[in-house]
Amino acid sequence: MRTFLIIAIAVLLLAVLLGRWFVKAPPPQVRAWLIRALIFLLLAGLIVLAATGRIHWLIAAGGGLAALAMRLWRAWQVYDWFKRSRSAQQSRTGTTPRGGRMSKDEAYEILGITPGASREEVIAAHRRLIQKLHPDRGGSDRLAAKVNEAKDVLLGD
C-alpha cells in the first residue's frame, strides 16, 4: 500500500512538472517532445507485446492493413487517371463538364453577334463560322463544338 502511494505521488508530481513545462515551452519544442514520447510509448508497447507473446495478432493486422493500403493506392491511381483522361477528352472536344453550360453572353461573343439578335441572325452567324471552323475544312473539333454549343444555347435546343 505504501509503495502504491509513493508511485501515485511521483506520477502526480511528474504531471504537474510536465504541465508547467508545456505552458512555458515554445510550440515547436512541445511538438518535438510529444512526437518522441509517442514513439517511445509505441516501442515500449511493442516490446511488452513481444515479451508476453501477444505480438502475432499485431503482425497479422499490419500485413492486412498493408495489403489494403496497396489496393486503395492502386484504386486512387486508376481514379486519378480516369479523371485526367476525361478532362483531356473534354478539352479536346470542347465540351463543358456536367452542369457547366455556356452563358448567353459567351454564346453571343463566340458567334460575334449582338445580344438580342433574332433567330435568323443566330443561324446565319452559326453557318458562317461553322463553314470556316468545321474539322472537315481544316478547323478544330474544339472550336466547332463551341460554335455548335453557342447556337444551341441561344436557340434553346
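The values are calculated or read from the model by the stated rules, or taken from the named source; none is laboratory data. Treat the numbers as computed from the prediction; the structure is a model and nothing was measured. Virtual Cβ from ideal backbone geometry, glycine too; neighbours counted across all protein chains shown. Accessible surface areas use protein heavy atoms only, side chains included; no ligands, DNA or RNA. Shrake-Rupley method; radii C 1.70, N 1.55, O 1.52, S 1.80 Å.
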Among the residues of segment 21-29, is any at pLDDT 85 or above, surrounded by 10 or more Cβ atoms within 10 Å (Cβ to Cβ) and not aromatic (Phe, Trp, Tyr)?
-> yes
Out of curiosity, is ALA44 at pLDDT 90 or above, open to solvent by less than 100 Å² (accessible area, probe 1.4 Å) and either in a helix (DSSP H, G or I) or on the phi < 0 side of the Ramachandran plot (or both)?
-> yes
Matching residues, segment 131-144, being open to solvent by less than 30 Å² (accessible area, probe 1.4 Å) and either basic (Lys, Arg) or in a helix (DSSP H, G or I) (or both) = ALA144
Going through segment 47-61 in order, the residues found to be assigned to a loop (DSSP other than H, G, I, E, B) and open to solvent by less than 90 Å² (accessible area, probe 1.4 Å) are GLY53, ILE55
